[in-house]
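Here's the structure we're looking at; comments come further down.
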Amino acid sequence: MIGRNGGRRFGWGLAALGMLLVSTDSLWVRVSGADALTIAFIVSVLSLLLYGAMALRQAPASWASLRADTWPLLAVGVLGAISQLAFISAITHTEVPNVVAIVASTPVLGAAFAWVGLRERTSPRVAVGIALTVVGIGMVVSTSIGSPNLLGDFLALVAVICFAASTVIWRRHRDMNRLMGLALAALLVIVPTAFVADPGALGAPAWLAILAMGLVCNPLGRLSYSTAPKYAPASEVALFAPVETVAGIVWAAVFLSEYPAPVTVAGAVVVIFGMLYATVLDRKGAAAFGSD
């Protein structure tokens, strides 16, 4: 059995792992070269198959959660579907640094939503950590954003808002079945995109990239991140969202030849320190918060 502080750290680990896996989405989307709706359709079909198979292995608990938490599951399903569609579309309408820069607003939104919806207090230490991550992200993207595409940036903002809001719902309903919520989100993406997606037009490289995204990185990343609020406050879980920002820029540099400037590297260091300061370097641990 995981102890109180151990459980909190386990939640941090899940959040960090989830965002690291999700950070590869922008890379896979760009490498595939496919249109956003086709990617969203295929990824969601693969995710639904994966989540569905896992849910069937615990069918009694899955159906019990569906009956007991119908409305919260529907809410996270809708938010997850909008977030998925908006994020993938944003990647195809603007530069990767633009999208991952906007992801940096997740800690602020997560803390705000947690305060409004859950009345979770944000300690001074976490507030400092959030401030440091935002400053660090500002440094990371300062030389990369340039002139962003308005539509792409707007879609990225919609994705982040839905992502942060769903984290709060997962936190409020800690025992709600994660697999059912994620499967519902995938289904809600499949329904509208099935009429416009064109998988037959994709070549082998595109399929390999989408399979890597849809079978491994995206579903496992979302499952890890959505499970994290079961163990740690939503404001702390949201603090790990900038992992996607830093990692996304690294992937762009390594695989897309978009090399970071020295200020970008310095910003990444600030982001990492901000997360460590608010989490694992906090010796007081859970005692600093009113909700656990």
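At a glance:
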read-out: Which listed residue is of a type in the set (A, V, I, L, M) and surrounded by fewer than 21 Cβ atoms within 10 Å (Cβ to Cβ), from Val103, Val99, Val116; value: Val116
read-out: Total residues in the range 154-201, condition part of a loop (DSSP other than H, G, I, E, B), surrounded by fewer than 18 Cβ atoms within 10 Å (Cβ to Cβ), touching a residue at least 24 places away in the same chain (Cβ under 8 Å) and over 18 Å from the mean Cα position of the chain (by Cα); value: 4
read-out: Members of the range 18-42 that are under 29 Å from Lys230 (Cα atoms) and of a type in the set (Gly, Ala, Ser); value: Gly18, Ser23, Ser26, Ala40
read-out: Among the candidates Val126, Val140, residue that is crowded, with 22+ Cβ neighbours inside 10 Å, at pLDDT below 80 and either touching a Pro at 6+ places or on another chain (Cβ under 8 Å) or not in a helix (DSSP H, G or I) (or both); value: Val140
read-out: Spans of helices (runs of 4 or more DSSP H) in the range 1-107 with at least 3 residues of a type in the set (A, V, I, L, M), within 28 Å of Asp198 (Cα to Cα) and in contact (Cβ under 8 Å) with a residue 40 or more places away in the chain; value: 25-32, 36-56, 70-93, 96-103
read-out: For Leu50: the one exception among (1) of a type outside the set (Val, Ile, Thr); (2) under 30 Å from Ser257 (Cα atoms); (3) surrounded by 15 or more Cβ atoms within 10 Å (Cβ to Cβ); value: (2)
read-out: Positions within the range 230-258 being under 18 Å from Ile169 (Cβ atoms) and among the acidic types (Asp, Glu), in sequence order; value: Glu236
read-out: From the options Tyr225, Tyr231, Tyr259, residue that is without any contact (Cβ under 8 Å) to a residue 40 or more places away in the chain and either within 26 Å of Arg178 (Cβ to Cβ) or among the hydroxyl-bearing types (Ser, Thr, Tyr) (or both); value: Tyr259
read-out: Condition met for Val78 (under 20 Å from Ser166 (Cβ atoms), surrounded by fewer than 19 Cβ atoms within 10 Å (Cβ to Cβ) and modelled with pLDDT of 85 or more); value: yes
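The values are calculated or read from the model by the stated rules, or taken from the named source; none is laboratory data. Values in this document were obtained by computation on a predicted structure and should not be read as measured data. For neighbour counting, all protein chains shown are included, and Cβ atoms are generated from backbone atoms with ideal geometry for every residue, glycine included.
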